[in-house]
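Okay, structure first, notes after.
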Amino acid sequence: MSVVSGVTVTVPATTANLGPGFDCIGVALKLYNEFKFTRQEGGLTIHVTGTEAQRVQTDESNLLYQAFVKFYQHIEQTPPTVKIEIKLGVPLARGLGSSATAIVGGLVAANQLEGAPISQSQVMELAIAIEGHPDNVVPALLGGCRLAATSGAGWEICDVPWHKDVVPIVAIPNFELSTKEARGVLPTQVSRADAIFNTAHLGLLLRGLETGNGQWLKTALQDKLHQPYRKALIRGYDVVNIAAVSAGAYGMVISGAGPTLLALADKLHSKAVEAAMLAAWQEEGITAYVRSLSLDTQGAKSF
């Protein structure tokens, strides 16, 4: 490929952890941010549209631009001056991988502008290094449900089959929870019993997602590494959880670091679960956006 004058990249939202899969599993969802990069003379310009656009940095501190620059540092070249146009579709600081979309978007755009001098796997390695963990950036780049494990020198990425009857339902509240705060409440050590519990439940989760076995999923979504500590930071968590399960959900987990909550249900119960989660948060005085989503299977796309 040759150097091009401009590129547009769309990157899907992601939900990570899925209960016991802390920092290692994530899923791409059909909710997107779009980033358009155009070479230009003069200085950097960033224009943002969409909900919460006014909250996005429009200078060199912008995470999308920082990832863009990291790419050029990696290939030991000076980054070109660009105009960046951002269309926001993924809520900020809600546990749906908005930062991962920026990291992946900046790296993919830079790679495409320069004629793809590095491979997709190298882009992925850079994205993980910037983010610090793979659970959001890997599915944002590759699509689907992905499990990531270190292999010494790099990462092994496993595509996790997702049964067509398992519906992810996101409940996005009108308040934020920073990843830093959510990580700050976690213990630095866990017991052997809790480690064994999560190992077993992650294994069951993978089989439950593949087969659509509801009983397995009901058990598998339990976790002892992060959710018992984080749920106290999310107002109404227990009420929404009870409502979701009572309406037919297999279970409910925290999406990423939160505060978005994710329920899994079958197609028969998904609408009832949506309504129950929305009503439960309304009773707590919280406005929320609740929606059943489909999996994105393509990941980041450029054109």
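The values are calculated or read from the model by the stated rules, or taken from the named source; none is laboratory data. What you see is a predicted model, and the numbers here were worked out from it, not measured in a lab. For neighbour counting, all protein chains shown are included, and Cβ atoms are generated from backbone atoms with ideal geometry for every residue, glycine included. Accessible surface is based on the protein model in full, side chains and every heavy atom, while ligands, DNA and RNA are left aside. Shrake-Rupley method; radii C 1.70, N 1.55, O 1.52, S 1.80 Å.
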- Could you give me the residue pairs with C-beta distances under 7 Å whose first residue belongs to the stretch 127-140 and is within 13 Å of A67 (Cβ to Cβ), whose second residue is basic (K, R) and open to solvent by 20 Å² or more (accessible area, probe 1.4 Å) wherever it lies, and which are 6+ apart or on separate chains? I130/K70
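Would you say T51 is outside any strand (DSSP E or B), touching a residue at least 40 places away in the same chain (Cβ under 8 Å) and in contact with a Pro (Cβ under 8 Å, 6 or more places away or on another chain)?
Judged against the criteria, T51 is a match.
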- Query: Would you pick out the residues in the stretch 52-87 that are among the polar types (S, T, N, Q) and either under 22 Å from A129 (Cβ atoms) or surrounded by 12 or more Cβ atoms within 10 Å (Cβ to Cβ) (or both)?
  - Reply: Q57, T58, S61, N62, Q66, Q73, Q77, T78, T81
- Odd one out for T199, checked against (1) under 20 Å from the mean Cα position of the chain (by Cα); (2) open to solvent by 40 Å² or more (accessible area, probe 1.4 Å); (3) modelled with pLDDT of 95 or more: (1)
- Note on the structure: V4 fails exactly one of (1) part of a loop (DSSP other than H, G, I, E, B); (2) open to solvent by less than 10 Å² (accessible area, probe 1.4 Å), namely (2)
- Within the stretch 259-269, the residues that are more than 10 Å from A171 (Cα to Cα) and surrounded by 22 or more Cβ atoms within 10 Å (Cβ to Cβ) are L264, A265
- Which of (1) closer than 18 Å to L18 by Cα; (2) assigned to a loop (DSSP other than H, G, I, E, B); (3) of a type outside the set (V, I, T); (4) modelled with pLDDT of 95 or more is the odd one out, the single condition A244 does not satisfy? (2)
